[in-house]
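The values are calculated or read from the model by the stated rules, or taken from the named source; none is laboratory data. Since the model is a prediction, treat every value here as computed from it, not as a measurement. With ideal geometry, Cβ positions are generated from the backbone for all residues, glycine too; neighbour counts draw on all protein chains shown. Protein only, heavy atoms only, side chains kept; ligands, DNA and RNA dropped before computing areas. Shrake-Rupley method; radii C 1.70, N 1.55, O 1.52, S 1.80 Å.
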Amino acid sequence: MKQSLGAKTLLFPTPVLMVGTYDHEGKPNIMNAAWGGICCSQPPCIAVSLRKATHTYAAIVERKAFTVGIVSEKQVKQADYMGVASGRDVDKFAVAGLTAVKSDLVDAPYAAEFPFVLECRLLHTLEIGLHTQFVGEIMDVKADADVLGADGLPDILKLKPLVYDTGHRGYYGIGSLLGQAFSIGKELVE
């Protein structure tokens, strides 16, 4: 029998998203955001939910753009730092040893060292409660060549992205392939 845990923010896994913006002074900043994911196929969009108190919130509202970087397992310390420090107080790029790159398509930066980046223009804003959801249309996807497979698409086992355990506040890696989507289940079709 299942046990009730109450209304909580539990979902497994949750992506670790590095949201990049320029603040009102033009200073690049990145924050770690766990509340987000792909929200539309056409146009391709991603949603990230942020509290108004974050430095990034005001930057997205002002610039109407953001980037979303995906870090690899080897960047776990930098990723966590982006969630414990505020860009109001420090230059997170400098402290973490990252290089800010200006997007060619949107008014937002990303870290050159992050192997996978989405460049997004703000499409919609939805006030939910404590968080505001920003929906960004994905204008481009950039990936380092060494995380691409033979088909030219990102290979999750080469990328080695972090996932977040919302219940225990821990970072984890990705395991092995268990089966091919839209295929393995066909064994149950009569």
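Details
- Carbon-plus-sulfur accessible fraction, segment 13-166 (probe radius 1.4 Å, protein heavy atoms only): 56%.
- Set of lysines near LYS102 by C-alpha distance (under 19 Å), chain-local residues within fewer than 8 positions excluded: LYS27, LYS64, LYS92, LYS142
- The figure for VAL101 is an accessible area of roughly 40 square angstrom, using a 1.4 Å probe on the protein chains alone.
- Working note: Karplus 6.51/-1.76/1.60 with θ = phi - 60° gives segment 28-40 the couplings x, 8, 9, 10, 8, 10, 9, 8, x, x, 4, 10, 7 Hz, where Gly and Pro are set to x.
- Length-normalised contact order for segment 1-100 - Cα pairs under 8 Å, 6+ apart - percent: 30 percent
- Range of Cα positions in the chain per principal axis (Å), largest first: 61, 45, 33
- Mean sequence separation of contacting Cα pairs (under 8 Å, at least six apart), scaled by the length of the chain, corresponds to a relative contact order of 24 percent.
- Helix-derived mean residue ellipticity, 222 nm - over the chain, DSSP H n ≥ 4, -39500 (n - 2.57), to 500: -3500 deg cm²/dmol
- Projecting the Cα positions of THR54, SER72, PRO44 onto the charge dipole of segment 34-85 (unit charges on Cβ atoms of Lys, Arg, Asp and Glu, taken about the Cα centre) puts THR54 furthest along the positive direction.
- Share of alpha-carbon pairs per 10 Å distance bin for segment 81-121, given as whole %: 26, 52, 21
- Using a probe of 1.4 Å, the accessible surface attributed to TYR110 totals some 40 Å² when neighbouring protein chains are kept in position.
- Phi to ³J(HN,Hα) by Karplus 6.51 cos²θ - 1.76 cosθ + 1.60 over segment 84-92, Hz, x for Gly, Pro: 10, 10, 10, x, 5, 9, 9, 8, 5
- The residue list GLY6, MET139, ILE30 was ranked by how far each Cα lies along the charge dipole of the chain toward its positive end, using unit charges on Cβ atoms, and GLY6 comes out on top.
- Note on segment 1-112: Cα-Cα pairs beyond 24 Å make up 26% of the total pair count.
- The phi torsions of segment 4-21, fed into the Karplus equation with coefficients 6.51, -1.76 and 1.60 and a -60° offset, translate into couplings of 6, 9, x, 7, 9, 8, 10, 7, 10, x, 10, x, 9, 10, 9, 8, x, 8 Hz, rounded to whole numbers, with Gly and Pro shown as x.
- Rg/Rh for segment 49-154, where both radii come from Cα atoms and Rh is the Kirkwood radius: 0.97
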